[in-house]
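**Q** Sharing a structure below in structure tokens format, with a few things to ask.
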């Protein structure tokens, strides 16, 4: 993905027609389905059919890397602004903790027919929850989408404490997680095995609070997909 525009991968399909080119009023609820994973500030964007916040199987942009490694959505916000996306940013006002939900309203412009969402998963090295270009329904009603966890492919999943700065090893550990994340782990992985955006293999963790191979608790911070549920209410 090249800054300052979103991934411009043309979707060639007969299912998308001019009939989708209309404004919409949306109520969007994001629910964290995990037991022990927090979501960093969430970015929700309604955009045109040619734009993407991320594309599975392709290299992550620098903006996606910053979000996936450190929870910084500002770069993706700028990219979304450059394609005239309608956005809702950080609706939870910080971390969205396990089993919690947040709701926001979003008014979309005529050509912004696709809905995308991203947020980093904590604790991970470069894991994120993602929705890529879901077509906003024309018909009023309530719609639900279940979201998977993705790996940005930009950092080895060593599962040890770090700064969260893009390009530097280690996981960020903000204050709400300080007492539930271990320390002095030796590292689960030392290299990247897949440098494209892909489904996250999941945390491994261990049972050691001090030392061991991982700073992640294997009884708390593991998950199975899906990790989030998004409910979209389309108004009449």
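**Q** Taking the simple approach of a point 7 Å from Cα along Cα-to-Cβ for both residue 180 and residue 84, what is their distance in nm?
**A** 4.3 nm
**Q** Kindly put 177, 147 in sequence by how many other C-beta atoms sit within 10 Å of each C-beta, fewest to most.
**A** Arranged by neighbour count, lowest to highest, 177, 147 become 177, 147.
**Q** Okay, next question. Looking only at 174, 166, 123, which one moves most when the chain is put into a Gaussian network model with springs between Cα atoms under 10 Å?
**A** Evaluated over the chain, the most mobile residue of the options is 174.
**Q** Between 66, 119, 189, which gets the highest mean-square fluctuation from a Gaussian network model of the chain, Cα cutoff 10 Å?
**A** 189
**Q** Students often get this wrong: which residues of segment 145-166 have the backbone nitrogen under 14 Å from the point 7 angstrom along Cα-to-C-beta of residue 190?
**A** Backbone N within reach: 156-158.
**Q** Between residue 146 and residue 199, what is 0.36 nm times their sequence separation minus the Cα-Cα distance? Round to one decimal in nm.
**A** 17.7 nm
**Q** Could you work out [θ]222 nm for the chain from helices alone, using -39500 (n - 2.57) per DSSP H run of at least four and dividing by all its residues? Round to the nearest 500 deg cm²/dmol. Kindly include the intermediate steps, with their values, before the conclusion.
**A** Working: 2 runs with 18 residues, N = 236.
About -2000 deg cm²/dmol.
**Q** Next question. Most exposed first by the Cβ proxy, i.e. fewest other Cβ within 10 Å, how do 192, 199 rank? Intermediate values should be presented prior to the final figure.
**A** Working: 192 16, 199 13.
Listed from fewest to most nearby Cβ atoms, that is 199, 192.
**Q** Here's something else I'd like to know. Starting from the 7 Å offset along Cα-to-Cβ, what nm value, one decimal, do you get for the label separation of residue 208 and residue 100?
**A** 3.2 nm
**Q** Show me the ranking of peptides 218-227, 124-133 by mean Cβ neighbours inside 10 Å, starting with the highest. Please list the in-between numbers first.
**A** On the way: 218-227: 16.7, 124-133: 24.9.
So the peptides 218-227, 124-133, ranked by packing, come out 124-133, 218-227.
**Q** For the chain, modelled as a Gaussian network with Cα springs under 10 Å, which listed residue fluctuates most, 40, 29, 139?
**A** With Cα springs under 10 Å in the chain, the top fluctuation among 40, 29, 139 is at 139.
**Q** Follow-up question, since we're still on this one. Whole number please: convex hull volume per residue of the Cα set in segment 23-236, in Å³? All intermediate terms of the calculation are to be shown ahead of the outcome.
**A** Numbers: hull volume 21.2 nm³, N = 214.
Roughly 99 Å³ of hull volume per residue.
**Q** Still on this structure, please answer the following. Using a simple spin-label model with points 7 Å from Cα along the Cα→Cβ vector, what separation in nm is obtained for residue 62 and residue 233?
**A** The two pseudo-label positions are separated by 4.1 nm.
**Q** Separate question: Treat the count of other C-beta atoms within 10 Å as a stand-in for reagent exposure and order 138, 155 from fewest to most. Mind dumping the intermediate values first?
**A** Values: 138 13, 155 26.
Lowest count first: 138, 155.
Computed from the coordinates by the stated procedures, all read-outs in this text should not be read as laboratory data. Keep in mind the model is a prediction, meaning the values are calculated, not measured. Using ideal geometry, Cβ is built from the backbone for each residue, glycine included, and neighbour counts are taken over all protein chains shown.
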